[in-house]
Amino acid sequence: MNRILIVLLAALYSQGVLAETHVIKEFLADPVEVVDEQGKLQREIARKDTPKQPVQVLQLNTDLELVLVELAGQKVWLDTRDLRIEPPLNVMSLPCQQMPQSLASDTHNKSTLGYGAGCSQ
Amino acid sequence: MKGYLLLASALLSGCATLKGADQAFLNLVGSSTQSQVQGHYVDNSEVRQYYKLDPQRAGQQRLSYDGRTVPAAEARQQNLVDIPMLQVYLQGIVTRLSKGWPGELPLLQVKITDSYSFGPSADPYGNIFVPLGMLENVGSEDEIAAMLGHEMSHVLLHHHDRAAAFQQQKEMFTTVASTVALATVAANTGVDRSSGTMKLFSKDPAGTQKTIGNTVLYTSLANSFSDNVWSTAWGRSQEDQADLLGTDLMIRAGYAPRAATHSLERLNDFQGKQKPLLTGFLTARKNAMQDSLQQFNLDRFTKELDVLVKDGLNTTISATSQYFNRSHMSALDRDTELRQYLQREYPKERRVRVNKQSWPKVRDAAPVAKAMQGYKDAYAATAALAKNKVPEADAFIRRALGSPVKDQPNIRRTAYAVRLAQGRNAEALKELQAIKDWSLAGPSTYDLMISYYLKRGDGKAALAMIDKAERNLGSEELFITEKLLASQQLQNAQQVQSVLRKCGQYPARKANCQKLAQVKA
């Protein structure tokens, strides 16, 4: 019974826990769209009216890519496409710095053009 | 100076590859390509010129690729991976993206490689290499489409042509123009610290453009200038164009453009932080100066100031070179630019949600999952060997050898390395001999077998393997010295002469071939 309770509590609060560790570092869009919990547009805020300091993320909806924050005393949902979130929501399981030395250097051939600048290991 | 100008002008006249040269340079010091684009990039006149395929150009490329004339430095380096269901799926994404291209399509073929790096790449022959590392980390088909769209765009916009032509041009010029250009850049470059990190910017883009524009278009291009600034300017411009066109293709194919953010964030995480050199230097100097002031040591303070001025200049130049040497903008800067482009040009489409079902369905299907696990186990074996954990490596490779991909080059090559580490040399060789499909092998895998045969004096077997390598990698140059050795072992004088003649065409190989011929004589 205790185990079930622990699992349920973990499931209930995991999103909240996850959200606690994220902040909005920067508002990228102009204007920024305020949406409802389903992602539907409600209103817009001019970028100049958004906070300059980091804003704590209260809740994160990873399916719809929305975050709940408090702006001017109001709790609002924002779409992550308008925001720079820290730490980032999309990361690698193995950054190149941790790759074995023999594999880290780009073994690409010189005639290719790649997606990124390569590993800075 | 005037003489050089005249000479350079003559060399550069009619040089179409330098069209847009000054704009490319501005991309480094002025506003980005993305912010300058009006309307959808795919409809811009600079893209429309590529709608029509040049059959002669396509034919020439085909001949190079099929005719074994790919230069050794341009041959594929990795082993390929054969997972049919995954291959068909990825090719399907390319086909779907292609439908958004308004012009004629070159041949575009996806090839999965055994690399655990993140980003895909494209070669001039339309091959788009997708590393396993990318497939292990992407979260959606939209994300895959974002990256494949970028690579397709390099091919569609003929970026490899410009890269190759530029390389040729670089060799023709002297360093005179670099003094003018570098001095102008240095004089007009400021440092912006307002965001908390060091950023270089041009204080006078228009003035810089005028000076550099003329210098670049009508004078010699210096190697140092071109390496530090010029080729980087081209590279960055091309990457920005590929980001833009790739996004247009994604949207036209019905993918969610927000997935480009996902892949760029992952790329940023993969590449790691690249701190500018200057920050570290300035911080150290600032601390030392504060320290000496606190101790009322004016002498030391003055010395530190001297160091700052003298060494600071050197460090600034070096930091500038390092900054410019990076061929891509930072991934997060690219992401910010793209999001602004989307808000301007695709206000509705940017709302589209990512499809999180389609990719996991393929990735988790049994044939794909088992194959990818096999490669992951082989990768873990390599990582264990790197840490000298041989029993651990053995455990991982045993698992890989129980997978559906056990006879593919990467797996058997890793098994070979593990057996060698265990001192089981005879078994190591058997691992290589168990490779079923050599068309998947990369040069280093071929090299192992060819070297083995040559050491044994088995010229015939060596030649057979070299022939496979030439056919599958499209490069005669790659193993031409080994071909000479093998021909010598067979004591086939006519063949030796023929190979020697061919080897003479490859400057990087010529000297070795001649040495080998003399030794034998």
Handout entry: Subset of segment B:113-139 that is among the charged types (D, E, K, R) and in a loop (DSSP other than H, G, I, E, B) - its residue that is nearest to the chain's Cα centre (by Cα)
Key = B:Asp123
Completion exercise
Just one listed residue, out of B:Ala461, B:Ala508, is part of a helix (DSSP H, G or I), surrounded by fewer than 18 Cβ atoms within 10 Å (Cβ to Cβ) and touching a residue at least 40 places away in the same chain (Cβ under 8 Å), and it is B:Ala508
Exercise for the section: Tally the residues that are under 30 Å from B:Leu478 (Cβ atoms), under 22 Å from the mean Cα position of the chain (by Cα) and in contact (Cβ under 8 Å) with a residue 24 or more places away in the chain, restricting the search to segment B:83-106. Expected result: 4
Exercise for the section: Quickly run through segment B:342-381 and pick out the residues that are among the polar types (S, T, N, Q) and in a helix (DSSP H, G or I). Expected result: B:Gln343, B:Ser358, B:Gln373
Handout entry: Residue in segment A:103-121 that is in a loop (DSSP other than H, G, I, E, B), more than 7 Å from chain B (Cβ to nearest Cβ), open to solvent by 80 Å² or more (accessible area, probe 1.4 Å) and at pLDDT below 65 present
Key = yes
Problem - Residues satisfying the stated conditions in segment B:400-431, i.e. in contact with a Lys or Arg (Cβ under 6 Å, 6 or more places away or on another chain) and either not in a loop (DSSP other than H, G, I, E, B) or not assigned by TED's automatic domain parsing to the domain that holds B:Lys370 (or both) - result: B:Glu427, B:Ala428, B:Glu431
Exercise for the section: Would you point out the residue of segment B:326-369, among those that are over 30 Å from A:Asp30 (Cβ atoms) and polar (S, T, N, Q), that is least open to solvent (accessible area, probe 1.4 Å)? Expected result: B:Ser358
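For segment B:101-126, which positions are more than 14 Å from B:Val155 (Cβ to Cβ) and either open to solvent by 10 Å² or more (accessible area, probe 1.4 Å) or facing chain A (nearest Cβ under 10 Å) (or both)?
B:Pro102, B:Thr113, B:Asp114, B:Ser115, B:Tyr116, B:Ser117, B:Phe118, B:Gly119
Yes/no matrix, rows are residues, columns are (1) in contact with a strand residue (DSSP E or B) (Cβ under 7 Å, 6 or more places away or on another chain); (2) within 25 Å of B:Leu264 (Cβ to Cβ):
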| position | (1), (2) |
| --- | --- |
| A:Ile24 | yes, yes |
| A:Ala29 | no, yes |
| A:Gln42 | yes, no |
| A:Ile45 | yes, yes |
| A:Lys48 | no, no |
| A:Ala72 | no, no |
| A:Leu89 | no, yes |
Handout entry: Residue check, B:Tyr452 open to solvent by less than 40 Å² (accessible area, probe 1.4 Å) and either farther than 17 Å from B:Ala73 by Cβ or not assigned by TED's automatic domain parsing to the domain that holds B:Pro409 (or both)
Key = no
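Restricting to segment B:384-399, name every residue that is assigned to a helix (DSSP H, G or I), surrounded by fewer than 20 Cβ atoms within 10 Å (Cβ to Cβ) and within 14 Å of another protein chain (Cβ to nearest Cβ).
B:Ala386, B:Glu392 - these are the residues of segment B:384-399 that are assigned to a helix (DSSP H, G or I), surrounded by fewer than 20 Cβ atoms within 10 Å (Cβ to Cβ) and within 14 Å of another protein chain (Cβ to nearest Cβ).
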Problem - Qualifying residue in segment A:86-96 (condition: surrounded by fewer than 18 Cβ atoms within 10 Å (Cβ to Cβ), among the β-branched types (Val, Ile, Thr) and within 12 Å of chain B (Cβ to nearest Cβ)) - result: yes
Handout entry: Hits in segment B:407-419 (condition: charged (D, E, K, R) and either touching a helix residue (DSSP H, G or I) at 6+ places or on another chain (Cβ under 7 Å) or buried (at least 24 other Cβ atoms within 10 Å of the Cβ) (or both))
Key = B:Arg412, B:Arg413, B:Arg419
Exercise for the section: Please verify whether segment B:425-441 includes one or more residues that are of a type in the set (Ser, Thr, Tyr), touching a helix residue (DSSP H, G or I) at 6+ places or on another chain (Cβ under 8 Å) and either in contact (Cβ under 8 Å) with a residue 40 or more places away in the chain or surrounded by fewer than 17 Cβ atoms within 10 Å (Cβ to Cβ) (or both). Expected result: yes
Exercise for the section: Output the number of residues of segment B:328-360 satisfying the condition of being β-branched (Val, Ile, Thr) and away from chain A (no Cβ under 11 Å). Expected result: 0
Handout entry: Within segment B:140-155, considering residues that are assigned to a helix (DSSP H, G or I) and of a type in the set (Gly, Ala, Ser), the one farthest from the chain's Cα centre (by Cα)
Key = B:Ala145
Exercise for the section: Name every residue in segment A:66-84 that is at pLDDT below 95 and either at positive phi or open to solvent by less than 10 Å² (accessible area, probe 1.4 Å) (or both), in order of residue number. Expected result: A:Ala72, A:Gly73
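The values are calculated or read from the model by the stated rules, or taken from the named source; none is laboratory data. This structure is a prediction, so every number in the text was calculated from the model and none was measured. In this analysis, Cβ positions are derived from the backbone assuming ideal geometry, glycine residues included, and neighbour counts consider all displayed protein chains. Please note that ligands, DNA and RNA were not included when accessible areas were found on the heavy atoms of the full protein model with its side chains. Shrake-Rupley method; radii C 1.70, N 1.55, O 1.52, S 1.80 Å.
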